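The next block holds one structure in the form of structure tokens; read it before the comments.
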Amino acid sequence: MSGQQSEDAIPVLSRPDLPGNHTAAIESLLTHYSKTFDNSKPEFVARAPGRVNLIGEHIDYCGYSVLPMAIDRHILIAVGYPSNARSNQNERSSSTLRIFHIDSSDRPAATVTVEADGVAVDKENLAWHQYVLCGFRGVQDYLLKGGGFPQLDINLMVTGDIPSSSGLSSSSALVVCSALVAMRAYTGSLSLLDRRGMASLCATAERYIGTEGGGMDQAISLCARPGQAMWINFKSGLETRPVNLPPGYSWVVAHCGQVLNKAATDQFNQRDALGVTQPGAAADLAAQRLRAEPPYSLAEVAAELSVESSALSAICLTSEAAKRLAGFQLRQRALHVFNEAQRVLDFRDACGRAGSGDNDENLAARLGELMNASHQSCSELYNCSCPELDRLCQICRDVGGALGSRLTGAGWGGCCVSLVPDSRVEKFLSSVRDAFAGPTGLVGGRPFLAFASSPSTGAYLLQLN
Ligand code: NG1
Ligand code: MG
């Protein structure tokens, strides 16, 4: 690393510090950049990983802690300036952000050119580059509170290998990566904010797209440590605590073939509407007393809470999606949230015993049970699974021999994560593929996607010269 950096600082690396398995993708990106932008060289590359959430689903936006790990799939952005951009900066009256990406046949393609002063995110246009604009806009808003930001023409070449809308947080990786780019481009360094400060900025910035998400994804992308998962707590700011995982076991991600674009549907924001924020056993008991069916009307919820319907609506039903909610399944949703919050703490505490030898088998079995219970709760109480995901999890356990398997991320499609002994991973991958995808190996016309990932390092910037 260049110079002495604190553990909390966002790492700025030079080439020799690069994780070995990132080098090839970065070199290829640099080549594409130079070919596209008149043989010029980029000044730096930003990298932000996706994540798999091991446990703690749909509770971050209620203020409860979660336990994800970063994966070795990421967004990379190479950044440079047109040759005349720096020299005549003082005479400039506007700035341009030129966004290119590497397409599916590994060729650079122009995505969009936008006016870069006061970038606007368009919620009606859910193209992926809007997440780049979220990152830029988040940093611009932050800098406007201080001395503002300079006018600058910027070239971006974006690439990545995180499947989108699949619960692996490609969106947040893109927001985080773009925010690092903007911060470095506008201020010349990443020293204004540490990892957690940047994570909070990015959580706010991603909401510009219209999803009322929690802060899990941005926090793990920035704060991850290699080889460890992370317990992330949202009470009193952002607390991150590395978690050791049991040695001898792998975390395997598998895709069910369905995708759901959260920003384009009501599902996510409707779950978010009545955030359940009363912790503790008393609240759990209160949840037990609520009726399951029929769903509560807004007036009934207001009566339970002794507030006016209009006040409740003004505070909780802020998104358009939430306004369209016809009924509130208070009991099911609250029970999921309270019990899932407890499962996260149980999982974290069990992991605290990892590596103590003989007990690792029992420990892994316990983690597996917690994962299975989490999936069942997501599916039956929170209704955020889908038949394909339920079936895939079942196959991972019954055919693949996973100790536990659960949907990961928002759900309604996308991926599940399974806990598998290292010695069984190869067998797991082939037997699950055969059972889920059949002899063609295709799911929805695409090759079945499954891979093991070790916990990856967090976001960083690579300084090139
Ligand atoms: P996905 O859809 O997997 O990126 C979303 C939220 C998380 C969390 C999970 C559900 C964003 C950016 N991400 O993740 O904060 O609420 O759903 O646990 O909104
Ligand atoms: Mg996302």
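Evaluating L260 against the criteria (1) assigned to a helix (DSSP H, G or I); (2) within 25 Å of G135 (Cα to Cα); (3) of a type in the set (A, V, I, L, M) leaves one unmet condition, (1). When L407, L403, L442 are checked against the criterion of being more than 16 Å from ligand 2 (Cβ to nearest atom) and either under 23 Å from the mean Cα position of the chain (by Cα) or surrounded by fewer than 20 Cβ atoms within 10 Å (Cβ to Cβ) (or both), a single residue qualifies: L442.
Being of a type in the set (S, T, Y), assigned to a helix (DSSP H, G or I) and surrounded by fewer than 23 Cβ atoms within 10 Å (Cβ to Cβ) is the filter; apply it to segment 171-204 and report the residue that is nearest to ligand 1 (Cβ to nearest atom). Taking the candidates together, the pick is T204.
Taking the criterion of being touching a residue at least 24 places away in the same chain (Cβ under 8 Å) and out of contact with any Phe, Trp or Tyr (no Cβ under 9 Å at 6 or more places or on another chain), the residues of segment 108-131 that qualify are L126, W128, H129, Y131.
Looking for something part of a helix (DSSP H, G or I) and buried (at least 19 other Cβ atoms within 10 Å of the Cβ) - is there at least one such residue anywhere in segment 38-48? Show your work before the answer.
Start the filter on segment 38-48 by keeping residues that are part of a helix (DSSP H, G or I), which leaves none.
No, every residue in segment 38-48 fails to be part of a helix (DSSP H, G or I) and buried (at least 19 other Cβ atoms within 10 Å of the Cβ).
Of all residues in segment 21-78, those that are within 16 Å of ligand 2 (Cβ to nearest atom) and more than 23 Å from S166 (Cβ to Cβ) total 0.
Within segment 325-369, the residues that satisfy the criterion of being in contact with a Ser or Thr (Cβ under 7 Å, 6 or more places away or on another chain) and not aliphatic (A, V, I, L, M) are G327, H336, N339, E340, R343. Annotation note: Cβ proximity below 6 Å between a residue of segment 154-174 that is farther than 28 Å from Y81 by Cα and a residue that is near ligand 2 (Cβ under 9 Å from one of its atoms) and among the polar types (S, T, N, Q) (sequence gap 6+ or interchain) occurs for S164/S170.
Taking R107, is it away from ligand 1 (no atom under 16 Å from the Cβ), buried (at least 19 other Cβ atoms within 10 Å of the Cβ) and of a type outside the set (G, A, S)? Steps first, answer last, please.
Numbers: away from ligand 1 (no atom under 16 Å from the Cβ): yes; buried (at least 19 other Cβ atoms within 10 Å of the Cβ): no; of a type outside the set (G, A, S): yes.
Here the answer is no, as R107 does not meet what is asked.
For first residues located in segment 187-205 and of a type in the set (G, A, S), partners that are not in a helix (DSSP H, G or I) and lie 6+ apart or on another chain with Cβ distances below 6 Å form the pairs A203/G215. State all residues of segment 375-394 that are in a helix (DSSP H, G or I) and surrounded by fewer than 21 Cβ atoms within 10 Å (Cβ to Cβ); if no residue qualifies, say none. Across segment 375-394, the qualifying residues are Q376, S379, E380, P387, E388, D390, R391, Q394. Give the residue, chosen from L126, L152, that is farther than 23 Å from A70 by Cβ, crowded, with 18+ Cβ neighbours inside 10 Å and among the hydrophobic types (A, V, I, L, M, F, W, C). That would be L152, the only listed residue that is farther than 23 Å from A70 by Cβ, crowded, with 18+ Cβ neighbours inside 10 Å and among the hydrophobic types (A, V, I, L, M, F, W, C). Only a single criterion out of (1) in contact (Cβ under 8 Å) with a residue 24 or more places away in the chain; (2) assigned to a loop (DSSP other than H, G, I, E, B) is not satisfied by R353, namely (1). Scanning segment 212-232 for residues that are surrounded by fewer than 20 Cβ atoms within 10 Å (Cβ to Cβ) and within 14 Å of ligand 1 (Cβ to nearest atom) yields one hit, E212.
Tell me, please, whether a residue that is outside any strand (DSSP E or B), acidic (D, E) and touching a residue at least 12 places away in the same chain (Cβ under 8 Å) can be found in segment 397-416. Walk me through it before giving the result.
We begin by selecting, within segment 397-416, every residue outside any strand (DSSP E or B); these are 397-403, 408-414.
Of the ones still in play, those that are also acidic (D, E) are 398.
Filter again for touching a residue at least 12 places away in the same chain (Cβ under 8 Å), leaving none.
So far as segment 397-416 goes, no, none of its residues is outside any strand (DSSP E or B), acidic (D, E) and touching a residue at least 12 places away in the same chain (Cβ under 8 Å).
Remark: S166 falls outside the filter, which requires a residue to be buried (at least 19 other Cβ atoms within 10 Å of the Cβ) and in a helix (DSSP H, G or I). Restricting attention to segment 205-237, the residues being among the polar types (S, T, N, Q) and more than 16 Å from ligand 2 (Cβ to nearest atom) number 3.
Within segment 146-192, which residues are more than 19 Å from Y131 (Cβ to Cβ) and of a type outside the set (S, T, Y)? I'd like the intermediate steps shown before the answer.
Residues of segment 146-192 more than 19 Å from Y131 (Cβ to Cβ): 146-153, 187-192.
Listed by number, the residues that qualify are G146, G147, G148, F149, P150, Q151, L152, D153, G188, L190, L192.
Within segment 144-157, is there a residue that is part of a strand (DSSP E or B), closer than 30 Å to R406 by Cα and more than 16 Å from ligand 1 (Cβ to nearest atom)?
From segment 144-157, those part of a strand (DSSP E or B) are 154-157; that's our starting set.
Now narrow it down to the ones that are closer than 30 Å to R406 by Cα: none.
Scanning segment 144-157 turns up no residue that is part of a strand (DSSP E or B), closer than 30 Å to R406 by Cα and more than 16 Å from ligand 1 (Cβ to nearest atom).
Is it the case, given these coordinates, that S250 is small (G, A, S), touching a helix residue (DSSP H, G or I) at 6+ places or on another chain (Cβ under 6 Å) and either touching a residue at least 12 places away in the same chain (Cβ under 8 Å) or within 16 Å of ligand 2 (Cβ to nearest atom) (or both)? In short, yes.
Every read-out reported here was derived from the displayed coordinates using simple, explicitly stated rules and does not represent laboratory data. Values in this document were obtained by computation on a predicted structure and should not be read as measured data. Positions of Cβ are backbone-derived with ideal geometry, glycine not excepted, and every protein chain shown enters the neighbour counts.
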